[in-house]
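Notes for the one structure printed next.
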Amino acid sequence: MTDDPLHSALLDARVPRYTSYPPANRFSADVGPNQSGDWLGAVATDAPISVYVHVPFCRRLCWFCACRTQGTTADAPLDRFLDHLDLEAAMVAARLPRDVTAGALHLGGGTPTILSPDRIARLSELLHGAFTFTNDAEISVEIDPVECDEARLSALAALGTTRASLGVQDFDPIVQAAIGREQSVAATRAVVDGARARGIESLNVDLVYGLPHQTEARIAATLETVLDLRPDRLALFGYAHVPWMARRQRMIPEDALPLPVERIALAARAREMLVAAGYREIGIDHFALPDDAMAHAAAAGTLRRNFQGYTTDRAPTLIGLGPSSISRYAEGFAQNAPATGAWQARIAEGMLGTVRGHALTRDERMTADIIERIMCDARVDLAAMAERHDQPLVPLLTLARAALADLPGVGTLEGEVLRVGRPAALRLVAAHFDPGFAPSANLYSQAS
C-alpha cells in the first residue's frame, strides 16, 4: 500500500476526460439545426477552420470500443453514406461566409479505411468541392491496419494525407482475443512502411492500457514492438469500461480486467518505457518525439484539446460532418444525430444534422479556458484568466487552493499561477474548476 494521496484518489475516482468543456454528456436539445446554421454564418474569416468527418462503419466491431460505430459486410451503406455526406458538406458550405478556408481535415470513425480507393477519391472530391483547403492543410486519417492495403494507402496519399494514426491497442494475442480485435505485427508494419514510402511523414500509434488479461510484461512486450516502428507520436489511453453505454463491452470478461491498482502500474510501466525511449510526455496520455509538432506545441504553450484528444490544431472553429460528429464554434457546440439512419433522414430532408449541443455562457468560456490550459500545460495563470474574461480572481484562487488541499503534493500555487507537477492529477485538478461536475460511476471513466 501507499500513503500517496494521488495514488489513493486514482483508485476509484471517475472524472471527465475534458476533451471539451462542458463534456458532451451535458449537451441538450436546446441547440438544433437553426442555431447551428446561425453559428455557421457567423464563422470568422480571419483564421482557417478545421473539418472532421466521422465514418461510422467497421467490418469488425471491437468489443472494447465505445465510439459510435456500426458493422457492415456490404458496400451499399458506404455509398449511401457518401451520398448524404456530399449533401451535408454542400449545406454546411452554403452557410459559411464565402472567404472561409480550411486548414485541417481529420477522418475518424469507425474505420475510414473501410472505404475502397475509389470511395476515398470520391470523398476527397466532395470535400474539396465544398471547402477551400489551404496549401499547407494538415490531413490526418485513422487507419485500421487490418483494413488497409497498398491501394488504399495510395488513395490516402493522393488525398494529401500528412499524418496517419494507426490503432494497435495491444499486440498480445490473449489480450486481442479478449477484446475481439486480432491484428498481427506484420500487418501493422506493412502499413507503417507503406505510409512512409508514400510520403506520409507523421505516424501516430494508439495504445490502450487496462484491457483484460493485460500485465506489465505483456504491455512491455507490445511497447517494445511499437518502439521498433518508431512512430512520431503515441497515445496511451486508459480503457473506459462502460458497458451500460456501449453494449458491445458486455463481451469483455470483467473478471479479467486489471484492478485499479494494476491499471496504475500498467500506465506507469508504459510511461517509463516511452520516456526512456526518448519520447516527451504530453498531458495525460500522449507522447511525442522531441522534433514532432506536438512536442513543439506543448513547449510553446499552444497545445489544444479537442474530441480526438490533444492536438496542434489551433483553429477556433471545428466543423463536424457525419453521424454523431461534434462541431465547435465560438458560440458553443453542435452535435449531429448519433445514429446513421437518423442523420441520413435529416440530411435528405434538407436539414442540418444537429440534434443537440450547448451554447456557452460567459462563465463557461472562462471555465473552458482554465480547464484546457490545465489539461494541456499543467499550469494556468488565474489572474490572466480573470482579466481576460472580466471575472473576479478570488473565487479562482479558492478553487485552486481546494484542489491542492484535496490532493497534497500534486502541485503548487505560486502567486496566481497554479502548477500541476504530476500528469496523472490533471483530470482531478481540472474537475475542481468544473461547477457542473458531480462524481458518478455511470457517467465518467476511471481517472487511473
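Rounded to the nearest 20, the Cβ-based charge dipole of the chain about its Cα centre (Lys and Arg +1, Asp and Glu -1) stands at 540 debye. Looking at region 307-372, the GluC sites (Glu not before Pro) that sit in a DSSP loop and have at most 15 other Cβ atoms within 10 Å of their own Cβ are Glu349. Each residue of region 85-99 was assigned a 3J(HN,Hα) from its phi angle through the Karplus curve 6.51 cos²θ - 1.76 cosθ + 1.60 (θ = phi - 60°); the sequence is 5, 4, 5, 5, 4, 5, 5, 5, 4, 5, 8, 6, x, 4, 8 Hz, with glycine and proline shown as x.
Springs between Cα atoms under 10 Å define the GNM used for the chain, and in it the highest mean-square fluctuation of Gly199, Gly108, Gly353 occurs at Gly199. Using the Karplus relation 6.51 cos²θ - 1.76 cosθ + 1.60 with θ = phi - 60°, the per-residue 3J(HN,Hα) values for region 251-268 come to 6, 6, x, 4, 6, 9, 6, x, 5, x, 5, 6, 4, 4, 5, 4, 5, 5 Hz, with x marking Gly and Pro.
Once the C-beta distance of Ala151 and Val417 is scaled by a Förster radius of 35 Å, the resulting FRET efficiency is 0.10 to the nearest 0.05.
Scalar couplings 3J(HN,Hα) for region 396-409, obtained by applying the Karplus form with A = 6.51, B = -1.76, C = 1.60 to θ = phi - 60°, are 5, 5, 5, 5, 5, 5, 5, 4, 5, 5, 6, 10, x, x Hz; x denotes Gly and Pro. Mind checking which of Trp343, Gly110, Tyr310 is farthest towards the positive end of region 9-359's charge dipole, using Cβ charges of +1 (Lys, Arg) and -1 (Asp, Glu) about the Cα centre? Value: Trp343.
The residue list His213, Ala288, Ala267 was ranked by how far each Cα lies along the charge dipole of region 185-295 toward its positive end, using unit charges on Cβ atoms, and His213 comes out on top. Exactly which GluC sites (Glu not before Pro) in region 138-184 are in a DSSP loop and have at most 12 other Cβ atoms within 10 Å? Taking region 138-184 and a limit of 12 other Cβ atoms within 10 Å, the loop GluC sites (Glu not before Pro) found are Glu182.
This model, with +1 at the C-beta of Lys and Arg and -1 at the C-beta of Asp and Glu, gives region 362-431 a dipole about its Cα centre of some 240 debye. Per-residue ellipticity at 222 nm, computed for the chain from helices alone with -39500 (n - 2.57) per DSSP H run of at least four residues, works out to -11500 deg cm²/dmol.
Laboratory data are not the source of any read-out in this text; all were calculated from the coordinates shown. These figures come from a predicted structure and were not determined experimentally. Neighbour counts run over all protein chains shown; Cβ positions are idealised from the backbone, glycine included.
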